[in-house]
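Visitor: First, the structure itself, so that you have it in front of you.
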Amino acid sequence: MDRSFTAKHLWLFRASMVLAVGTVLLIAKGGLVHSAGAGLSVPDWPNTYGQNMFTFPLEKWTGGIFYEHFHRLIASGIGVITIVVAVWVWLVDRRRWLKTLAAVALGSVIVQGVLGGLTVLMQLPPAVSIAHALLAQTFLLMTVTIAAATSRAWVTGGDAAPVPVESRLRTLLASAVVMTFAQIVLGAVTRHTYSAPAIPDFPLSNGAIIPDFTSFHVAIHFAHRVGAVITSVLIISAGVTVLRSKQFARLKQPAIWMMLMVLVQFTLGATVIWTRQAILPNTLHVAFGALTFATVFLTFLRAARWYRFREAAEVRTATAREARA
Ligand code: HEM
Ligand code: HEM
């Protein structure tokens with residue numbers, strides 16, 4: 001691979017960063033649409049009250065229309081930036097996997113827009129709203145990966161750099177990525193089946209440690225709480241493993257961020273319950289869900305890039321061989 005990092009790479013990286021940060025903001029805005037109950041404030045799509053969405057007059061952006069219409073406009077902007085980044089990657093980068101990823105990201109943003117439109121036209125069926133919520137988070141990971149792969153550190157870093165270390169951290173990080181996504185799925189189902197009120201207390205659940213499973217709503221909501229504990233334990237264990245070892249210096253920064261994000265996210269989850277789904281904590285809970293997922297994934301990506309993971313015995317043999325030499 002060509003390891004020179006020229007001005008055109010720098011600008012591609014900057015555009016990819018704008019895309020990734022813009023996607024986090026769009027996810028927060030989408031979370032606000034649902035939290036404010038504004039999903040059907042604009043009943044048609046792709047038009048807005050029969051008018052072209054780009055010329056819809058500003059004075060009509062009132063109440064829920066503001067939330068929903070503005071969400072569509074930001075989404076259109078993200079769509080345009082995705083096209084720019086994808087074409088740019090195809091023009092300046094030689095990595096085939098990155099070109100494929102850029103093309104998949106472009107396809108995903110189109111599908112995401114259509115899902116957004118369908119959820120309006122079909123009046124928010126849970127399956128479509130859940131798919132829209134989950135594709136948003138998956139699309140974010142694509143944009144984060146593009147930004148990481150176009151950064152100077154990644155482009156100029158050599159393949160020979162990876163240090164051989166034990167595989168325990170890789171297993172922990174991979175489990176944390178998978179579990180965080182599972183937790184987001186449980187959160188989206190809880191949210192779009194309106195199961196939050198089924199357990200109105202916290203830290204107890206309907207007055208008990210394990211509630212009576214009297215309905216689907218209680219079961220899915222409780223599963224999300226159990227998932228929160230497992231996700232937090234995995235992320236913090238991986239983070240502590242990084243911080244306790246001098247070997248993982250390159251992972252220290254993202255590891256601190258992912259631990260911070262999951263702690264904030266857990267606290268926001270509790271606040272959602274204590275405030276009975278007040279708009280602000282509820283919207284922030286969606287946004288920090290995305291930030292937690294992105295930081296856990298970035299830590300995993302960095303680990304995979306900079307460390308060559310081995311079974312403990314293999315690492316011991318390699319170290320002994322090095323000591324003898
Ligand atoms: C890149 C494109 C888009 C992204 C990343 C995105 C993201 C999101 C997210 C994260 C949510 C919150 C889901 C939740 O709270 O569980 C949401 C909600 C929503 N989005 Fe989008 N969106 C996009 C495009 C669109 C478009 C083009 C429309 C067109 C109508 C749309 C309509 C909606 C609606 C109606 C909701 C509320 C759904 C509900 O209350 O169940 N979105 N969006
Ligand atoms: C690791 C920690 C957690 C993560 C990653 C997480 C993630 C999420 C996400 C992403 C959503 C929204 C999904 C969507 O539609 O886009 C959600 C919803 C929800 N979460 Fe969490 N969550 C966590 C912890 C908690 C905790 C500790 C609680 C409660 C004690 C909680 C309660 C809820 C509730 C009630 C909803 C649905 C809100 C509504 O109906 O509007 N979460 N969670």
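Visitor: Run through all the Cα pairs of the chain and give the fraction in each 20 Å bin from 0, expressed as whole percent.
Guide: 29, 53, 17, 1
Visitor: Just tell me the longest site-free run in the chain, where the sites are trypsin sites (Lys or Arg not before Pro) in a DSSP loop having at most 11 other beta-carbon atoms within 10 Å.
Guide: 95-275
Visitor: Taking the beta-carbon count within 10 Å as an exposure proxy, list I65, I184, I81 from fewest neighbours to most. Numbers along the way, then the final one.
Guide: On the way: I65 16, I184 23, I81 19.
If I rank by nearby Cβ atoms, fewest first, I get I65, I81, I184.
Visitor: Computed FRET efficiency, Cβ-Cβ of A278 and A174, R0 35 Å: what is it to the nearest 0.05? Before the final figure, lay out the partial values.
Guide: Working: r = 35 Å, r/R0 = 1.00.
So, using R0 = 35 Å, E works out to roughly 0.50.
Visitor: Helix 126-149 versus the longest principal axis of the chain: what angle, 0 to 90°, nearest 10, using Cα atoms?
Guide: Between helix and principal axis, roughly 40 degrees.
Visitor: Rounded to the nearest 20 Debye, what is the dipole magnitude of the chain about its Cα centre when Lys and Arg each give +1 and Asp and Glu each give -1 at the C-beta?
Guide: Dipole of the chain, to the nearest 20 debye: 1360 debye.
Visitor: Let me ask something else about it. Assuming 0.890 mPa s and 25 °C, estimate D for the stretch 158-325 with Stokes-Einstein, Rh taken as the Kirkwood radius over Cα pairs, in µm²/s.
Guide: This corresponds to a translational diffusion coefficient of 141 µm²/s.
Visitor: Tilt of helix 63-92 relative to the longest C-alpha principal axis of the chain, in degrees (0 to 90, nearest 10)?
Guide: For 63-92 against the chain, the angle is about 30 degrees.
Visitor: Right, another one. With each label point set 7 Å from Cα along the Cα-Cβ vector, what nm distance links Y49 and W61?
Guide: Using points 7 Å along Cα→Cβ, the separation is 1.3 nm.
Visitor: On to the next question. Enter the angle in degrees (range 0 to 90, nearest 10) between the Cα long axis of helix 216-244 and the first principal axis of the Cα atoms of the chain, meaning the one along which they spread out most.
Guide: Taking the Cα atoms of the chain, the angle to 216-244 is about 30 degrees.
Visitor: With the contact rule set at Cα under 8 Å and sequence spacing of 6 or more, what percent relative contact order holds for the stretch 211-272?
Guide: 27 percent
Visitor: Oh, and also: Students often forget the sequence filter, so: which lysines lie under 17 Å Cα-Cα from K252 once same-chain residues fewer than 8 apart are removed?
Guide: Straight-distance partners of K252: none at all.
Visitor: While we're here: Which values of log₁₀ I(q)/I(0), to two decimal places, follow from the Debye formula for the stretch 259-300 at q = 0.14, 0.26, 0.30, 0.32 Å⁻¹ with a uniform point scatterer at every Cα?
Guide: Each listed q corresponds, in turn, to -0.30, -0.79, -0.94, -1.02.
Visitor: Further, regarding this structure: Per residue and in Å³, how big is the convex hull formed by the alpha-carbon atoms of the stretch 1-157?
Guide: Working: hull volume 16.6 nm³, N = 157.
Here the figure is 105 Å³ per residue.
Visitor: Can you give the local net charge around V177? Use residues other than it whose beta-carbon is closer than 14 angstrom to its beta-carbon, Lys and Arg +1, Asp and Glu -1. Let's see the in-between values first.
Guide: Values: positive: R170, R302; negative: none.
Cβ neighbours under 14 Å give a net charge of +2.
Visitor: Let me ask something additional. Please give the FRET efficiency for V21 paired with Q253, using the beta carbon to beta carbon distance and R0 = 22 Å, rounded to the nearest 0.05.
Guide: Once rounded, the FRET efficiency stands at 0.80.
Visitor: Grab the beta carbon distance between I74 and T6, set R0 = 41 Å, and tell me the FRET efficiency rounded to 0.05.
Guide: Given R0 = 41 Å and the Cβ-Cβ separation, E is 0.85.
Visitor: May I ask you to list the lysines whose Cα is less than 21 Å away from that of K60, ignoring any residue fewer than eight positions away on the same chain?
Guide: In chain and number order, the partners are K29.
Visitor: Next question, about the same structure. Counting other C-beta atoms within 10 Å, which of D93, D44 has the fewest, and how do the rest follow?
Guide: D44, D93
Coordinate-derived values only; no laboratory data. Note that this is a predicted model, so its numbers are computed, not measured. Note that each Cβ is placed from the backbone with ideal geometry, even for glycine, and that neighbours are counted across all protein chains shown.
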